[in-house]
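Note sheet for the following structure.
The values are calculated or read from the model by the stated rules, or taken from the named source; none is laboratory data. Being a predicted model, the structure only gives us computed values, none of them experimental. Positions of Cβ are backbone-derived with ideal geometry, glycine not excepted, and every protein chain shown enters the neighbour counts.
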Amino acid sequence: MKKFFLVAVCSLVMGAAVQAQRYAIIDTKYILDKMPDYKSAQKSLDDVAAGWQKEIDKMQADLDKMYKDYEAEQVMLSEDLRKKREDQLLVKEKTLRDLQRQRFGFEGDLFKKRQELVKPVQDKVYNAVQRLATTRGYDFILDKSEGITVIFADPKLEKSDDILKELGVKN
């Protein structure tokens with residue numbers, strides 16, 4: 001009788017603990033794609049990146065032309081001139097690589113620009129998620145867009161549209 005009572009109480013406590021953990025699933029990529037602020041920030045970021053890429057492509061074309069000219073004239077150049085041209089090529093190549101790293105490298109200009117333009121929109125979503133979790137009593141909200149793999153999710157748990165509603169975005 002004691003064992004039966006103990007098992008019943010444990011089952012009841014575990015069942016209550018499982019019930020107490022409420023969770024929801026959202027898709028931040030879906031949410032961000034529906035937000036005009038995000039689309040605008042992403043377009044601005046893409047435009048800036050395209051301008052920087054054009055600048056780098058032009059420098060690369062100039063460098064390629066310098067290499068081609070050097071190869072064509074190399075046999076006619078004196079040792080001093082050849083060394084001088086090789087040094088110019090190396091300096092130009094280093095300048096190009098430094099600019100690529102500055103613009104597109106880890107924590108480079110593109111990263112900083114993304115922080116400036118996109119992060120405020122992401123913060124709005126995060127704050128809306130926090131408000132939703134607080135007001136509806138969710139213990140966990142999982143993001144299925146990136147990183148976390150959700151093998152199965154009951155569609156009624158999907159709350160991305162609720163986040164959009166919280167943000168005032170029509171979908």
Residue selected from the range 98-143 under the condition loosely packed, with under 12 Cβ neighbours inside 10 Å and of a type in the set (Asp, Glu), by the criterion modelled with the lowest pLDDT: ASP139
crowded, with 17+ Cβ neighbours inside 10 Å and farther than 25 Å from VAL48 by Cβ - does that describe any residue in the range 144-157? yes
Over 16 Å from LEU164 (Cα atoms), surrounded by 14 or more Cβ atoms within 10 Å (Cβ to Cβ) and of a type outside the set (D, E, K, R), is that true of LEU63? yes
